[in-house]
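Here's the structure, in structure tokens; my notes come after.
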Amino acid sequence: MKRLFLSATLLLWTVPSLAGPAVEGARLWSAPDHTRVVLDLSESPEHNLFSLDNPPRIVVDIDDARLRAPLPKVDKNDQRLRRVRFGTQGKTDLRMVLDLKRGVRPRSFVLKPTENYGYRLVVDLEDPASKGKPLATLRSVAKTEAGPRNVVIAIDAGHGGEDPGARGPRGVLEKDVALKIARQLYALVEKEPGMKPVLIRTGDYYIGLRQRIEKAREAQADFFVSIHANAFSDSAVGGAAVYTLSPKGATTTAAHWLAERENAADLVGGVTLEDKGDDLARTLLDLSMTATVESSGDAGRYLLKSLGRLGKLHKRSVQRANFVVLKSPDIPSVLVETAFITNPWEERRLNDTKHQQRLADAMLRGVRDYFRRNAPPDTLFAHKNHVIAWGDTLSEIAQKYNISLDKLRNANGITGDRLRVGQVLRIPAEI
């Protein structure tokens, strides 16, 4: 009996527990082209996903799991998801049923623990139309609009949804301040003569890094600015910084597009790469990337100068890094680190509406200064110059160039009518 009791005790120690992962949290994120369902789990799950029709629904079975979290609330305005249900499958498995409003393309994956989260099971409900969009349809470099056009500014708020970015000591999240500043900048660009804004992320949801580039190219953007907040272990570190793509990043990006050249029509000045040999295609891509990186550096310097008027700079020159969102081969792109969210004083400023407005103002000034000197020839920012002679008046100059007096004043920052001999006025193009 003693030997039997000892064997049973050893068996209890060596047989693993039958308790599997526990669902400790559930969240929903609704984006324009997909809905994301996220389950927080105590350990890595094994799961199976499948679709059912009549009515449409997605079923996810999680092996040996149990539910500890309350059911997530579904936004009634969600375009895809009607409700979320949980139940038991067999004796030990947990079943999640996603009742749908219409058909979707589902996919699922498990994320490993990070600084902010443990294991997560992610289920994306994507619109079928978003699948497999060929690269050639993303952007046409040659513009077909009649007459001068607006320059298109793509404004990207970093992070979002499940990816909060950095967190300040008072709990302010990078994703939140980035979106608020991006919205402020959008509103300013919308009012700016000759400019048209495009907001890459319009709400609290995640967009893949390469998807952000694709969205900018779909909008035929002339410039891409990604807004972030920096972080560091030393809370005393602060200041703004501007980044452009590094030479190494440019090289690897050109190699990527070279591999995709069968689908990458019109990526470099309207020239398809499909029928070009490797050497010629590589040369064309290298030229395009080199020109884009140089333009990005020029734009970055204007932005950095403008931000420097607002406050402290972390770096006094434009920095280079291999950020994915800067890897468009044909759109000048910069990433702005507005401040250090880990610095308590800068965290408070980042969370202040008035300071967010000042940051947006500074970025607009930088973008405006860049395009006044580097305007695409078919845009309203392309202009002529007029040197003021004795007897010239603003109204006569406006009449001579067939533009409005207000537009002439706005293009030159003039509030009154006073001119001086030898002064150079920018004459903006008129539609």
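The values are calculated or read from the model by the stated rules, or taken from the named source; none is laboratory data. All values derive from a computational prediction rather than experimental measurement. Quick reminder, even Gly has a Cβ in these numbers, built from the backbone with ideal geometry, and neighbours come from all protein chains shown. Remember, those area values only see protein heavy atoms, side chains included, never the ligands or the DNA or RNA. Shrake-Rupley method; radii C 1.70, N 1.55, O 1.52, S 1.80 Å.
For this structure, a couple of remarks:
- Search result, residues across segment 37-70 that are assigned to a loop (DSSP other than H, G, I, E, B) and among the charged types (D, E, K, R): 43, 46, 53, 63, 64, 68
- Restricting attention to segment 146-195, the residues being in a strand (DSSP E or B) and within 17 Å of the chain's Cα centre (by Cα) number 9.
- The single condition from (1) part of a loop (DSSP other than H, G, I, E, B); (2) at pLDDT below 80; (3) surrounded by fewer than 17 Cβ atoms within 10 Å (Cβ to Cβ) that residue 291 fails is (1).
- Each residue in segment 313-330 was checked for being at pLDDT 90 or above, part of a loop (DSSP other than H, G, I, E, B) and either closer than 19 Å to residue 371 by Cβ or open to solvent by less than 40 Å² (accessible area, probe 1.4 Å) (or both), and 1 pass.
- Selection within segment 112-141: residues that are touching an Asp or Glu at 6+ places or on another chain (Cβ under 7 Å), assigned to a loop (DSSP other than H, G, I, E, B) and at pLDDT below 70. The member of this set that is farthest from residue 57 (Cα to Cα) is 141.
- Pick from segment 220-246, criterion closer than 22 Å to residue 294 by Cα and assigned to a loop (DSSP other than H, G, I, E, B), ranking: nearest to the chain's Cα centre (by Cα): 221
- Residues of segment 142-157 classified as acidic (Asp, Glu) and at pLDDT 50 or above, total: 1
- Condition met for residue 253 (at pLDDT 80 or above, among the polar types (S, T, N, Q) and open to solvent by less than 40 Å² (accessible area, probe 1.4 Å)): no
- Residues that are surrounded by 15 or more Cβ atoms within 10 Å (Cβ to Cβ) and either closer than 30 Å to residue 199 by Cβ or over 31 Å from the mean Cα position of the chain (by Cα) (or both), drawn from segment 35-48: 35, 36, 37, 38, 39, 40
- Restricting the first member to segment 381-408 and to residues that are free of Cβ contacts under 8 Å to residues at least 24 places away in the same chain, and the second to residues that are part of a helix (DSSP H, G or I) and among the hydroxyl-bearing types (Ser, Thr, Tyr), the beta-carbon pairs closer than 7 Å and six or more apart or on different chains are 405/395.
- Just one of the numbered conditions (1) in contact (Cβ under 8 Å) with a residue 24 or more places away in the chain; (2) surrounded by fewer than 21 Cβ atoms within 10 Å (Cβ to Cβ); (3) at negative phi is not true of residue 200: (2).
- For segment 262-271, the criterion of being at pLDDT below 50, under 21 Å from the mean Cα position of the chain (by Cα) and buried (at least 22 other Cβ atoms within 10 Å of the Cβ) is met by at least one residue.
One line per residue, one yes/no per condition, for (1) open to solvent by 50 Å² or more (accessible area, probe 1.4 Å); (2) free of Cβ contacts under 8 Å to residues at least 24 places away in the same chain:
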residue: 33; (1), (2): no, no
residue: 50; (1), (2): yes, yes
residue: 77; (1), (2): yes, no
residue: 88; (1), (2): yes, yes
residue: 96; (1), (2): no, no
residue: 109; (1), (2): yes, yes
residue: 114; (1), (2): yes, yes
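- Residue count for segment 174-191, restricted to those that are in contact with a strand residue (DSSP E or B) (Cβ under 6 Å, 6 or more places away or on another chain) and surrounded by fewer than 21 Cβ atoms within 10 Å (Cβ to Cβ): 2
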